[in-house]
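To start, the structure under review is shown below, and the notes come after it.
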Amino acid sequence: MKKIIIVLVIVAMVLSSMFFNVSADDYTMGKQEIVNYINLKGFNLKEGTSEYFDFLNNLLWGEYNKDLQKSTYFRKILKYAAYYYAHPEILYPEQCKSCLNDVIETHNTQSTTWVYNSSSAVNYAYKYSINAGYGQNPNFPDFRNKGGDCTNFASQVVNAGNVPIDGSGTCSSYSTFTKWYVNKAQWWCLQSRWAWSTSWSVVGDFYTYQSQYKNNAFPTVFAISQANSLRASAVPGDVIQLETGGSKWHSTIVTKKENGEIYLTYHSGPNGYDCVDSSLQEIINRNTIDHFFLLHFH
(Lines give C-alpha, C1' and ligand atoms only; values in the text may rest on other atoms or scores of the structure.)
Protein backbone atom coordinates (compact mmCIF):
# COMPACT_ATOMS: atom_id res chain seq x y z
CA MET A 1 0.00 0.00 0.00
CA LYS A 2 2.82 2.39 0.91
CA LYS A 3 4.51 1.71 -2.46
CA ILE A 4 1.26 2.58 -4.27
CA ILE A 5 1.01 5.87 -2.36
CA ILE A 6 4.61 6.78 -3.23
CA VAL A 7 4.01 6.03 -6.93
CA LEU A 8 0.87 8.19 -6.93
CA VAL A 9 2.74 11.04 -5.26
CA ILE A 10 5.57 10.82 -7.82
CA VAL A 11 3.02 10.88 -10.66
CA ALA A 12 1.39 13.95 -9.11
CA MET A 13 4.79 15.65 -8.85
CA VAL A 14 5.60 14.89 -12.50
CA LEU A 15 2.25 16.29 -13.62
CA SER A 16 2.83 19.34 -11.43
CA SER A 17 6.25 19.91 -12.98
CA MET A 18 4.66 19.73 -16.44
CA PHE A 19 2.08 22.33 -15.45
CA PHE A 20 4.48 24.61 -13.58
CA ASN A 21 7.51 24.24 -15.85
CA VAL A 22 10.88 25.94 -15.40
CA SER A 23 12.85 25.38 -18.60
CA ALA A 24 16.64 25.16 -18.72
CA ASP A 25 16.71 28.27 -20.91
CA ASP A 26 14.67 30.27 -18.40
CA TYR A 27 16.96 29.10 -15.59
CA THR A 28 20.16 29.90 -17.49
CA MET A 29 18.99 33.29 -18.74
CA GLY A 30 17.61 34.29 -15.35
CA LYS A 31 20.85 33.29 -13.66
CA GLN A 32 22.94 35.26 -16.15
CA GLU A 33 20.82 38.38 -15.63
CA ILE A 34 21.32 38.08 -11.88
CA VAL A 35 25.08 37.68 -12.36
CA ASN A 36 25.08 40.79 -14.55
CA TYR A 37 23.13 42.73 -11.92
CA ILE A 38 25.43 41.61 -9.09
CA ASN A 39 28.47 42.70 -11.11
CA LEU A 40 26.84 46.01 -12.05
CA LYS A 41 26.12 46.81 -8.41
CA GLY A 42 29.49 45.57 -7.21
CA PHE A 43 27.93 43.16 -4.72
CA ASN A 44 30.36 40.68 -3.20
CA LEU A 45 28.15 37.62 -3.51
CA LYS A 46 29.14 34.03 -4.17
CA GLU A 47 26.63 31.42 -5.30
CA GLY A 48 25.79 28.94 -2.54
CA THR A 49 26.60 31.27 0.36
CA SER A 50 24.11 32.48 2.93
CA GLU A 51 24.57 36.00 1.56
CA TYR A 52 23.54 34.79 -1.89
CA PHE A 53 20.42 33.17 -0.46
CA ASP A 54 19.59 36.40 1.38
CA PHE A 55 19.98 38.31 -1.88
CA LEU A 56 17.60 35.94 -3.70
CA ASN A 57 15.14 36.15 -0.82
CA ASN A 58 15.09 39.94 -1.05
CA LEU A 59 14.81 39.71 -4.82
CA LEU A 60 11.69 37.55 -4.48
CA TRP A 61 10.29 39.98 -1.91
CA GLY A 62 10.55 42.79 -4.47
CA GLU A 63 13.47 44.66 -2.89
CA TYR A 64 15.17 45.09 -6.29
CA ASN A 65 12.08 45.52 -8.46
CA LYS A 66 12.86 49.17 -9.20
CA ASP A 67 16.01 48.08 -11.06
CA LEU A 68 15.14 44.62 -12.32
CA GLN A 69 11.65 45.27 -13.65
CA LYS A 70 13.33 47.21 -16.45
CA SER A 71 14.85 43.98 -17.75
CA THR A 72 13.03 42.12 -20.52
CA TYR A 73 14.08 38.98 -18.62
CA PHE A 74 12.45 40.00 -15.33
CA ARG A 75 10.17 36.97 -15.23
CA LYS A 76 13.11 34.65 -15.95
CA ILE A 77 15.07 36.29 -13.11
CA LEU A 78 12.22 35.50 -10.72
CA LYS A 79 11.93 31.95 -12.05
CA TYR A 80 15.60 31.33 -11.40
CA ALA A 81 15.48 32.84 -7.91
CA ALA A 82 12.40 30.84 -6.89
CA TYR A 83 13.77 27.61 -8.37
CA TYR A 84 17.14 28.05 -6.66
CA TYR A 85 15.47 28.89 -3.37
CA ALA A 86 13.10 25.91 -3.51
CA HIS A 87 15.36 22.92 -4.18
CA PRO A 88 16.93 20.89 -1.36
CA GLU A 89 19.95 19.75 -3.37
CA ILE A 90 20.88 23.43 -3.74
CA LEU A 91 19.93 24.45 -0.20
CA TYR A 92 21.73 21.54 1.46
CA PRO A 93 24.62 20.31 -0.73
CA GLU A 94 26.07 18.51 2.31
CA GLN A 95 22.91 16.46 2.88
CA CYS A 96 23.37 12.92 4.10
CA LYS A 97 22.44 10.12 1.70
CA SER A 98 21.89 7.44 4.32
CA CYS A 99 20.97 9.23 7.53
CA LEU A 100 17.35 8.19 7.95
CA ASN A 101 16.56 5.95 10.90
CA ASP A 102 13.79 3.43 10.62
CA VAL A 103 10.69 4.74 12.33
CA ILE A 104 10.62 3.50 15.91
CA GLU A 105 7.21 3.48 17.55
CA THR A 106 8.60 4.54 20.93
CA HIS A 107 10.39 7.49 19.29
CA ASN A 108 7.17 9.14 18.16
CA THR A 109 5.73 10.30 21.47
CA GLN A 110 2.83 12.15 19.82
CA SER A 111 -0.40 10.29 19.18
CA THR A 112 -1.01 9.00 15.67
CA THR A 113 -4.70 9.85 16.20
CA TRP A 114 -4.86 13.61 16.34
CA VAL A 115 -7.07 16.60 15.72
CA TYR A 116 -5.53 19.84 14.54
CA ASN A 117 -5.58 22.56 17.19
CA SER A 118 -5.47 25.79 15.18
CA SER A 119 -5.46 27.98 18.32
CA SER A 120 -2.31 26.29 19.61
CA ALA A 121 -0.71 26.69 16.18
CA VAL A 122 -1.51 30.41 16.02
CA ASN A 123 -0.34 30.97 19.61
CA TYR A 124 2.98 29.31 18.77
CA ALA A 125 3.38 31.46 15.66
CA TYR A 126 2.92 34.62 17.72
CA LYS A 127 5.17 33.42 20.54
CA TYR A 128 8.17 32.66 18.32
CA SER A 129 8.07 35.53 15.84
CA ILE A 130 9.11 39.15 16.33
CA ASN A 131 7.97 41.71 13.80
CA ALA A 132 11.09 43.15 12.08
CA GLY A 133 13.18 40.91 14.35
CA TYR A 134 14.19 37.28 14.81
CA GLY A 135 12.00 35.01 16.91
CA GLN A 136 13.42 31.61 17.74
CA ASN A 137 12.53 28.56 19.82
CA PRO A 138 15.89 27.24 21.12
CA ASN A 139 14.55 23.68 20.98
CA PHE A 140 14.63 23.79 17.18
CA PRO A 141 17.27 24.70 14.60
CA ASP A 142 17.41 28.12 12.95
CA PHE A 143 17.77 27.88 9.16
CA ARG A 144 18.11 31.58 8.45
CA ASN A 145 21.67 30.95 7.24
CA LYS A 146 20.66 27.82 5.34
CA GLY A 147 18.34 29.19 2.69
CA GLY A 148 15.60 30.56 4.92
CA ASP A 149 13.65 29.64 8.04
CA CYS A 150 10.06 29.99 6.76
CA THR A 151 9.19 26.30 6.35
CA ASN A 152 11.13 25.20 9.43
CA PHE A 153 8.96 27.72 11.31
CA ALA A 154 5.76 26.53 9.59
CA SER A 155 6.62 22.95 10.54
CA GLN A 156 7.07 23.96 14.18
CA VAL A 157 3.73 25.79 14.09
CA VAL A 158 1.70 22.88 12.72
CA ASN A 159 3.53 20.48 15.03
CA ALA A 160 2.41 22.72 17.92
CA GLY A 161 -1.08 22.29 16.47
CA ASN A 162 -0.80 18.49 17.01
CA VAL A 163 0.51 17.28 13.62
CA PRO A 164 2.81 14.46 14.80
CA ILE A 165 6.52 14.07 14.06
CA ASP A 166 7.10 11.17 11.66
CA GLY A 167 10.52 9.52 11.79
CA SER A 168 13.98 10.53 12.99
CA GLY A 169 17.42 11.10 11.48
CA THR A 170 21.03 10.81 12.53
CA CYS A 171 22.98 13.58 10.80
CA SER A 172 22.18 16.74 8.82
CA SER A 173 19.45 16.88 6.16
CA TYR A 174 17.84 13.95 4.38
CA SER A 175 15.92 14.53 1.15
CA THR A 176 12.49 12.90 1.48
CA PHE A 177 8.77 13.62 1.29
CA THR A 178 7.79 10.37 3.04
CA LYS A 179 9.04 11.36 6.52
CA TRP A 180 8.71 14.60 8.51
CA TYR A 181 11.05 15.14 11.42
CA VAL A 182 13.73 17.18 13.16
CA ASN A 183 15.89 16.06 16.06
CA LYS A 184 19.34 16.50 17.60
CA ALA A 185 22.02 14.85 15.45
CA GLN A 186 24.15 11.96 16.66
CA TRP A 187 27.37 12.88 18.49
CA TRP A 188 29.53 11.88 15.52
CA CYS A 189 27.78 14.19 13.04
CA LEU A 190 30.17 16.93 11.92
CA GLN A 191 27.89 18.71 9.43
CA SER A 192 25.26 19.93 11.87
CA ARG A 193 23.94 19.76 15.42
CA TRP A 194 20.59 18.76 13.90
CA ALA A 195 19.10 16.04 11.72
CA TRP A 196 16.00 16.83 9.66
CA SER A 197 13.98 15.79 6.64
CA THR A 198 13.69 18.23 3.74
CA SER A 199 9.92 17.92 4.19
CA TRP A 200 10.46 19.76 7.48
CA SER A 201 12.35 22.70 5.99
CA VAL A 202 11.78 22.92 2.22
CA VAL A 203 8.56 24.44 0.87
CA GLY A 204 7.74 21.92 -1.85
CA ASP A 205 8.61 18.80 0.15
CA PHE A 206 6.52 20.09 3.08
CA TYR A 207 3.57 20.51 0.73
CA THR A 208 4.00 17.05 -0.80
CA TYR A 209 4.30 15.30 2.56
CA GLN A 210 1.40 17.07 4.28
CA SER A 211 -1.11 17.16 1.42
CA GLN A 212 -0.27 14.20 -0.79
CA TYR A 213 1.74 11.57 1.06
CA LYS A 214 0.09 11.82 4.51
CA ASN A 215 -3.09 13.74 3.65
CA ASN A 216 -2.75 15.75 6.85
CA ALA A 217 -4.04 18.83 5.06
CA PHE A 218 -6.53 19.65 2.31
CA PRO A 219 -4.74 21.52 -0.51
CA THR A 220 -6.29 24.23 -2.71
CA VAL A 221 -4.47 26.25 -5.36
CA PHE A 222 -5.44 29.86 -6.08
CA ALA A 223 -4.15 31.99 -8.93
CA ILE A 224 -3.23 35.56 -8.03
CA SER A 225 -6.49 36.65 -9.68
CA GLN A 226 -8.37 34.49 -7.15
CA ALA A 227 -7.02 36.28 -4.07
CA ASN A 228 -10.53 37.07 -2.83
CA SER A 229 -11.44 33.38 -2.99
CA LEU A 230 -8.31 32.64 -0.95
CA ARG A 231 -9.40 35.24 1.61
CA ALA A 232 -12.80 33.57 1.89
CA SER A 233 -11.35 30.06 2.22
CA ALA A 234 -8.40 30.55 4.58
CA VAL A 235 -8.76 30.42 8.37
CA PRO A 236 -6.27 30.95 11.22
CA GLY A 237 -3.90 28.00 11.56
CA ASP A 238 -3.76 27.33 7.82
CA VAL A 239 -0.50 27.39 5.88
CA ILE A 240 -0.27 29.44 2.68
CA GLN A 241 2.70 28.93 0.37
CA LEU A 242 3.80 31.34 -2.36
CA GLU A 243 4.71 30.19 -5.88
CA THR A 244 6.46 32.13 -8.60
CA GLY A 245 7.48 30.85 -12.02
CA GLY A 246 6.65 27.25 -11.19
CA SER A 247 8.45 26.96 -7.83
CA LYS A 248 7.02 27.19 -4.33
CA TRP A 249 9.45 29.37 -2.37
CA HIS A 250 7.84 30.62 0.84
CA SER A 251 5.62 29.32 3.66
CA THR A 252 3.38 31.50 5.85
CA ILE A 253 0.88 30.95 8.66
CA VAL A 254 -2.59 32.48 8.71
CA THR A 255 -2.76 34.07 12.17
CA LYS A 256 -5.73 36.41 11.85
CA LYS A 257 -8.85 36.97 9.75
CA GLU A 258 -10.61 40.28 10.09
CA ASN A 259 -13.03 42.33 7.96
CA GLY A 260 -12.56 40.04 4.98
CA GLU A 261 -8.76 40.20 5.03
CA ILE A 262 -6.34 37.50 6.16
CA TYR A 263 -3.11 38.24 8.01
CA LEU A 264 0.00 36.10 7.75
CA THR A 265 2.93 35.51 10.11
CA TYR A 266 6.23 34.04 8.95
CA HIS A 267 10.00 33.93 9.26
CA SER A 268 12.47 34.99 6.53
CA GLY A 269 10.51 37.90 5.16
CA PRO A 270 12.14 40.96 3.53
CA ASN A 271 15.77 41.32 4.68
CA GLY A 272 15.38 38.03 6.54
CA TYR A 273 13.18 39.47 9.27
CA ASP A 274 10.06 37.94 10.79
CA CYS A 275 6.73 39.42 9.77
CA VAL A 276 3.75 39.33 12.12
CA ASP A 277 0.19 39.78 10.83
CA SER A 278 1.13 41.04 7.36
CA SER A 279 -2.02 41.40 5.30
CA LEU A 280 -2.39 39.34 2.15
CA GLN A 281 -2.66 42.60 0.23
CA GLU A 282 0.73 43.77 1.54
CA ILE A 283 2.30 40.57 0.26
CA ILE A 284 0.60 40.87 -3.13
CA ASN A 285 1.71 44.49 -3.49
CA ARG A 286 5.41 43.81 -2.98
CA ASN A 287 5.81 40.40 -4.66
CA THR A 288 5.38 38.88 -8.10
CA ILE A 289 3.30 35.83 -7.18
CA ASP A 290 1.62 33.46 -9.62
CA HIS A 291 -0.20 31.09 -7.26
CA PHE A 292 -1.03 30.59 -3.60
CA PHE A 293 -1.09 27.03 -2.21
CA LEU A 294 -3.46 26.79 0.76
CA LEU A 295 -3.08 23.91 3.23
CA HIS A 296 -5.98 23.42 5.62
CA PHE A 297 -5.05 20.98 8.40
CA HIS A 298 -7.74 18.83 9.96
(message) All but one of (1) of a type outside the set (S, T, N, Q); (2) farther than 22 Å from residue 123 by Cα; (3) modelled with pLDDT under 95 hold for residue 272; state the number of the condition that does not hold.
(response) (2)
(message) Kindly evaluate residue 134 against the criterion of being touching a His at 6+ places or on another chain (Cβ under 6 Å) and part of a loop (DSSP other than H, G, I, E, B).
(response) no
(message) If the requirement is being in the same structural domain as residue 154 (by TED's automatic domain parsing), over 25 Å from residue 146 (Cβ atoms), touching a strand residue (DSSP E or B) at 6+ places or on another chain (Cβ under 7 Å) and buried (at least 22 other Cβ atoms within 10 Å of the Cβ), which of these qualifies: 262, 240?
(response) 262
(request) Scan the range 267-291 and report the pairs whose first residue is on the phi > 0 side of the Ramachandran plot and whose second residue is assigned to a loop (DSSP other than H, G, I, E, B) and surrounded by fewer than 16 Cβ atoms within 10 Å (Cβ to Cβ), with Cβ atoms within less than 9 Å and a gap of 6+ or a chain change. (result) 271/63; 271/132; 272/134
(request) Among the residues of the range 54-70, count how many are at negative phi and either surrounded by fewer than 16 Cβ atoms within 10 Å (Cβ to Cβ) or touching a residue at least 40 places away in the same chain (Cβ under 8 Å) (or both). (result) 11
(request) Identify all residues within the range 156-193 that are in a loop (DSSP other than H, G, I, E, B), among the polar types (S, T, N, Q) and within 18 Å of the chain's Cα centre (by Cα); write none if there are none. (result) 175, 176, 178
(message) Just to be sure before I move on: is residue 291 in contact with a Gly (Cβ under 8 Å, 6 or more places away or on another chain), modelled with pLDDT of 95 or more and within 21 Å of residue 60 (Cβ to Cβ) in the structure I sent?
(response) no
(message) Looking at 68, 59 in this structure, which one is out of contact with any Phe, Trp or Tyr (no Cβ under 8 Å at 6 or more places or on another chain), under 25 Å from residue 282 (Cβ atoms) and not assigned by TED's automatic domain parsing to the domain that holds residue 291?
(response) 59
(request) May I ask you to say which residue of 232, 217 is of a type outside the set (S, T, N, Q), more than 17 Å from the chain's Cα centre (by Cα) and assigned by TED's automatic domain parsing to the domain that holds residue 164? (result) 232
(request) Determine whether the range 173-191 contains at least one residue that is in the same structural domain as residue 209 (by TED's automatic domain parsing), buried (at least 23 other Cβ atoms within 10 Å of the Cβ) and at positive phi. (result) no
(request) With the checklist (1) buried (at least 19 other Cβ atoms within 10 Å of the Cβ); (2) in contact with a strand residue (DSSP E or B) (Cβ under 6 Å, 6 or more places away or on another chain); (3) in contact (Cβ under 8 Å) with a residue 24 or more places away in the chain; (4) not acidic (Asp, Glu) in hand, flag the one item residue 218 doesn't pass. (result) (1)
(request) Could you run through the range 148-166 and say how many residues are surrounded by 24 or more Cβ atoms within 10 Å (Cβ to Cβ) and in contact with a Ser or Thr (Cβ under 8 Å, 6 or more places away or on another chain)? (result) 8
(request) Starting from residues that are more than 15 Å from residue 77 (Cβ to Cβ) and over 21 Å from the mean Cα position of the chain (by Cα), keep the ones in the range 16-65 and report whichever is modelled with the lowest pLDDT. (result) 24
(request) Answer yes or no as to whether residue 103 is among the β-branched types (Val, Ile, Thr), assigned to a loop (DSSP other than H, G, I, E, B), over 30 Å from residue 51 (Cβ atoms) and modelled with pLDDT of 95 or more. (result) no
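The values are calculated or read from the model by the stated rules, or taken from the named source; none is laboratory data. The structure displayed is predicted, hence computed values, not measured ones. Positions of Cβ are generated from backbone atoms using ideal geometry, with glycine treated the same way; all protein chains shown enter the neighbour counts.
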